[in-house]
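The next block holds one structure in the form of structure tokens; read it before the comments.
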Amino acid sequence: MVTFDINSLDHSVFMRAALDEAELAGKAGELPIGAVIVHNGQIVATGRARHVARASDLAHAEMNTLLSAERYLNEHARDGCVIYVNVEPCVMCLGAIVMSNIRHIVYGLEDKWIKPSGMMSMEYVRRHVESYLGGVMAEASVDLFKRFRPRDLAIMQEGRWPGSP
């Protein structure tokens, strides 16, 4: 049995693909968040935020990507699938990633407002997530948010609503 090594991947290549999805989302008036799922060094699914287009608060980039890869994940998720997302997954998306059996999560910009990394202390999540790597190309995500959603960037970076103490 071959053991998957997350460090064998060039994270910048796959994060660039997630950022490309985020750029498309931003241009469409959505939150500039994109995601890709990688297996065996190949992108098997892509997605981006579509809250406005789908009139749904559930249409997060990660959720759209997971849904587009649903059949594939049923066969391969435990076998070294990695999800790349340019912003740290929220608690809903992190839960969905865990329940989809994706064991490796790579993200760019940390979300200090929602603080989903706190879920990593849950025993169930710790057992299912083998790697949780942040900060990959975070500045590129910052640049996208500066262009498309500066207020949301401030909330994520400061961990508080603008004007609150």
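The values are calculated or read from the model by the stated rules, or taken from the named source; none is laboratory data. Here the structure is a predicted model, which means the values were calculated and not measured. All accessible areas refer to the heavy atoms of the entire protein, side chains included, with ligands and DNA or RNA removed. Shrake-Rupley method; radii C 1.70, N 1.55, O 1.52, S 1.80 Å.
Counting only protein heavy atoms and a 1.4 Å probe, segment 23-124 has 46 square angstrom of accessible area per residue. A cut-off of 5 Å between modelled amide H atoms, ignoring neighbours fewer than 5 places along the same chain, links Val44 with Ile37, Val38, His39. Check Tyr132: other-chain or 5+ apart residues with amide H under 5 Å from its amide H, H built from backbone geometry? Sorted by chain and number, the residues that satisfy this are Ile105. Rolling a 1.4 Å probe over the protein heavy atoms leaves Met122 with an accessible area of roughly 90 Å². Overall form of segment 1-141: rounded. Here a/c, set by the Cα gyration tensor axes a ≥ b ≥ c, is under 1.5. Taking all protein chains together, His104, His128 sort by accessible area into His128, His104, largest first [probe 1.4 Å]. Across the chain, the relative contact order, built from alpha-carbon pairs under 8 Å that are at least six residues apart, equals 20 percent. Only helices enter this figure: runs of n ≥ 4 DSSP H residues, each worth -39500 (n - 2.57), summed and divided by the residues of the chain, yield -12000 deg cm²/dmol at 222 nm to the nearest 500.
Entry for segment 104-162 at q = 0.19, 0.22, 0.29 Å⁻¹: log10 I(q)/I(0) = -0.74, -0.88, -1.15, Debye formula applied to identical alpha-carbon scatterers, no solvent contribution. Shape verdict for segment 50-129, please, from the Cα gyration tensor: rounded (a/c under 1.5), prolate (a/b greater than b/c) or oblate. It comes out oblate by the Cα gyration axes. Per-residue SASA remark: Asp111, around 10 Å² accessible (1.4 Å probe; ligands, DNA and RNA not included). For Glu158, the solvent-accessible surface computed with a 1.4 Å probe is close to 100 Å², ligands and nucleic acids excluded.
Surface composition of the chain: carbon and sulfur make up 52 percent of the accessible area, probe 1.4 Å.
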